[in-house]
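The values are calculated or read from the model by the stated rules, or taken from the named source; none is laboratory data. The structure presented is a predicted model; accordingly, all values stated were derived computationally and were not measured. Reconstructed Cβ throughout: ideal geometry from the backbone, glycine too, with neighbour counts over all protein chains shown.
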């Protein structure tokens, strides 16, 4: 049975709030650890359902994947091209990232791998990954529209390709690069718009040769195939997409000041915080450092009076998962906020563009959707709330509207908390420990 949650006005949020490890980096550390020779140790791995599904998948491919303690994992890999054919269907749960990266991983093996997921994931198209993999000689059989369940059969010899991304997608780029590890020669992805570069960074960390150059047609990312990856230690930074929720809550709840330690500050992932700073947010980056090739800092966030701005479409790849929580911040900002170029939100765990607009409207906020643009008008004297939001198995919609309830005039509820565990296990307890008031129940 679904478990509804209800969020009431919070007291000032205070203290240190350690959010879970970065989901993108966690997926990649497990996969590359499984493709490496020798032992990889991971500290700070996100232990949400999405990442645990990837851990189970790498075990099914024959890698040794051991849980040593909270956030601590050990992987002994099989080497590039050395994975076993799984004996059963790989269930990716709600993890679109996991499925797309694992499709690229499986494509480099002369085996057949079957993939499925939960109801939400089975509605999401995988054709964007399937098209370039087919050019490399991979056979993919899927439901109409490229939707799971699907089967991936790798050829005896994978063909290297040069592929221009039709849309900005780090997941598609990464799937091609992971497949390219098993192809002789060089595989190149051209991205007209830059996307997050965790895969390139981690490939280098494990010993692959990756070259990047900027040209008139975009950024060229090339991986040299058939390397011997070597197991390495990985420290996973706190996920900036997860940090977005307590950060915005602290900005909205009067009297708040929290510290978010060890958050990844990769500029290709930091678009939300760049946007919040433009809106007048009081956010300080303290103790900047580098861990496993990734930039990290401690974020100090204080209650702020925000103002509406226009967010350009070229920023979308660096914050595509954060637009629902940005829209919540915009509802409390003075003036109007316009977010442009949000087409990718329509093919996430849910149609996040529609879900965000509908949820805000239910809470008394004036919003408009025109094409792929979202406009949020100030709620003036405060967001009314007094609504229950259907989350449709989408963890980010669920958490965004629980944050909205922390600063609304009346309570805001979500109809099911289950999806939150995919990326932020312990969200309710962590936020309540800082001063939130989230409990089990529905709005009146």
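Tell me, yes or no, whether region 403-410 has at least one residue that is assigned by TED's automatic domain parsing to the domain that holds residue 272 and either surrounded by fewer than 24 Cβ atoms within 10 Å (Cβ to Cβ) or farther than 29 Å from residue 261 by Cα (or both).
First, the residues of region 403-410 that are assigned by TED's automatic domain parsing to the domain that holds residue 272: 403-410.
Still in the list and also either surrounded by fewer than 24 Cβ atoms within 10 Å (Cβ to Cβ) or farther than 29 Å from residue 261 by Cα (or both): 409-410.
Yes, region 403-410 contains a residue that is assigned by TED's automatic domain parsing to the domain that holds residue 272 and either surrounded by fewer than 24 Cβ atoms within 10 Å (Cβ to Cβ) or farther than 29 Å from residue 261 by Cα (or both).
Taking into account only those residues within region 178-203 that are touching a strand residue (DSSP E or B) at 6+ places or on another chain (Cβ under 7 Å) and surrounded by fewer than 16 Cβ atoms within 10 Å (Cβ to Cβ), which is farthest from residue 319 (Cα to Cα)?
186
Checking the condition in a strand (DSSP E or B), within 20 Å of residue 399 (Cα to Cα), in the same structural domain as residue 379 (by TED's automatic domain parsing) and in contact (Cβ under 8 Å) with a residue 12 or more places away in the chain, which residue from 299, 285, 276, 272 passes? Spell out how you get there, then give the answer.
On the way: 285 fails: within 20 Å of residue 399 (Cα to Cα); 276 fails: in a strand (DSSP E or B); 272 fails: in a strand (DSSP E or B).
Exactly one of 299, 285, 276, 272 is in a strand (DSSP E or B), within 20 Å of residue 399 (Cα to Cα), in the same structural domain as residue 379 (by TED's automatic domain parsing) and in contact (Cβ under 8 Å) with a residue 12 or more places away in the chain, namely 299.
Kindly provide the set of residues from region 415-444 that are assigned to a loop (DSSP other than H, G, I, E, B) and within 26 Å of residue 52 (Cβ to Cβ), ordered by number.
Within region 415-444, 415, 416, 417, 423, 424, 425, 426, 436 qualify.
Kindly state which strands (runs of 3 or more DSSP E) lie completely within region 356-414 and contain at least 2 residues that are free of Cβ contacts under 8 Å to residues at least 12 places away in the same chain.
Values: elements: 367-370, 373-377, 387-389, 412-414.
Strands (runs of 3 or more DSSP E) meeting the threshold: 367-370.
When you scan region 1-25, how many residues do you find that are under 15 Å from residue 421 (Cα atoms) and in a helix (DSSP H, G or I)?
1
Within region 302-314, which residues are closer than 15 Å to residue 244 by Cα and part of a strand (DSSP E or B)?
Across region 302-314, the qualifying residue is only 302.
For region 184-207, which residues satisfy the criterion of being over 24 Å from the mean Cα position of the chain (by Cα) and either in a loop (DSSP other than H, G, I, E, B) or modelled with pLDDT under 95 (or both)?
Quick first cut of region 184-207, residues over 24 Å from the mean Cα position of the chain (by Cα) only: 184-187, 207.
Scanning region 184-207 gives 184, 185, 207.
Hey, could you check region 315-324 for residues that are part of a helix (DSSP H, G or I) and in contact (Cβ under 8 Å) with a residue 40 or more places away in the chain and say which is surrounded by the most Cβ atoms within 10 Å (Cβ to Cβ)? Walk me through it before giving the result.
Step one: filter region 315-324 for residues part of a helix (DSSP H, G or I), giving 315-318, 320-324.
Filter once more, keeping what is in contact (Cβ under 8 Å) with a residue 40 or more places away in the chain: 315-318, 321-324.
Numbers: 315: 16, 316: 23, 317: 21, 318: 23, 321: 24, 322: 27, 323: 26, 324: 29.
So the residue we want is 324.
Within region 419-431, identify whether any single residue is within 22 Å of residue 306 (Cα to Cα), surrounded by 23 or more Cβ atoms within 10 Å (Cβ to Cβ) and in contact with a strand residue (DSSP E or B) (Cβ under 8 Å, 6 or more places away or on another chain), and answer yes or no. Steps first, answer last, please.
Taking region 419-431 as the starting set, the residues that turn out to be within 22 Å of residue 306 (Cα to Cα) are 431.
When the remaining residues are screened for being surrounded by 23 or more Cβ atoms within 10 Å (Cβ to Cβ), the result is 431.
Checking which are in contact with a strand residue (DSSP E or B) (Cβ under 8 Å, 6 or more places away or on another chain) leaves us with 431.
Yes, there is a match, as at least one residue in region 419-431 is within 22 Å of residue 306 (Cα to Cα), surrounded by 23 or more Cβ atoms within 10 Å (Cβ to Cβ) and in contact with a strand residue (DSSP E or B) (Cβ under 8 Å, 6 or more places away or on another chain).
Got a number for residues in region 157-175 being in contact with a strand residue (DSSP E or B) (Cβ under 7 Å, 6 or more places away or on another chain), touching a residue at least 60 places away in the same chain (Cβ under 8 Å) and within 12 Å of residue 191 (Cα to Cα)? Talk me through it step by step, then tell me what you get.
To start, the set of residues in region 157-175 that are in contact with a strand residue (DSSP E or B) (Cβ under 7 Å, 6 or more places away or on another chain) comprises 160-165, 168, 173.
Now drop any that are not touching a residue at least 60 places away in the same chain (Cβ under 8 Å), which leaves 160, 168.
So of that shortlist, the ones also within 12 Å of residue 191 (Cα to Cα) come out as 168.
Number of matching residues: 1.
Out of curiosity, is residue 146 in contact with a strand residue (DSSP E or B) (Cβ under 9 Å, 6 or more places away or on another chain), surrounded by fewer than 16 Cβ atoms within 10 Å (Cβ to Cβ) and on the phi > 0 side of the Ramachandran plot? Give the derivation first.
Working: in contact with a strand residue (DSSP E or B) (Cβ under 9 Å, 6 or more places away or on another chain): yes; surrounded by fewer than 16 Cβ atoms within 10 Å (Cβ to Cβ): no; on the phi > 0 side of the Ramachandran plot: yes.
When the stated conditions are applied, residue 146 does not pass them.
Among the candidates 394, 343, single out the residue that is in contact with a helix residue (DSSP H, G or I) (Cβ under 9 Å, 6 or more places away or on another chain), more than 30 Å from residue 254 (Cβ to Cβ) and either at pLDDT below 95 or crowded, with 24+ Cβ neighbours inside 10 Å (or both).
On the way: 394 fails: more than 30 Å from residue 254 (Cβ to Cβ).
The conditions single out 343.
Residues 334, 274: which one is more than 16 Å from the chain's Cα centre (by Cα) and more than 14 Å from residue 243 (Cα to Cα)?
334
Determine, yes or no, whether residue 215 is over 20 Å from residue 77 (Cα atoms) and under 17 Å from the mean Cα position of the chain (by Cα). Give the derivation first.
Values: over 20 Å from residue 77 (Cα atoms): yes; under 17 Å from the mean Cα position of the chain (by Cα): no.
Against the criterion (over 20 Å from residue 77 (Cα atoms) and under 17 Å from the mean Cα position of the chain (by Cα)), residue 215 does not qualify.
Can you pull out the residues in region 219-232 that are surrounded by fewer than 17 Cβ atoms within 10 Å (Cβ to Cβ) and outside any loop (DSSP other than H, G, I, E, B)? Walk me through how you get there before you give the answer.
The first filter runs over region 219-232 and keeps only residues surrounded by fewer than 17 Cβ atoms within 10 Å (Cβ to Cβ), leaving 220, 226, 228, 230.
Passing the criteria: 220, 230.
Is it fair to say residue 222 is closer than 17 Å to residue 24 by Cα and either free of Cβ contacts under 8 Å to residues at least 40 places away in the same chain or out of contact with any strand residue (DSSP E or B) (no Cβ under 9 Å at 6 or more places or on another chain) (or both)?
The answer is no for residue 222.
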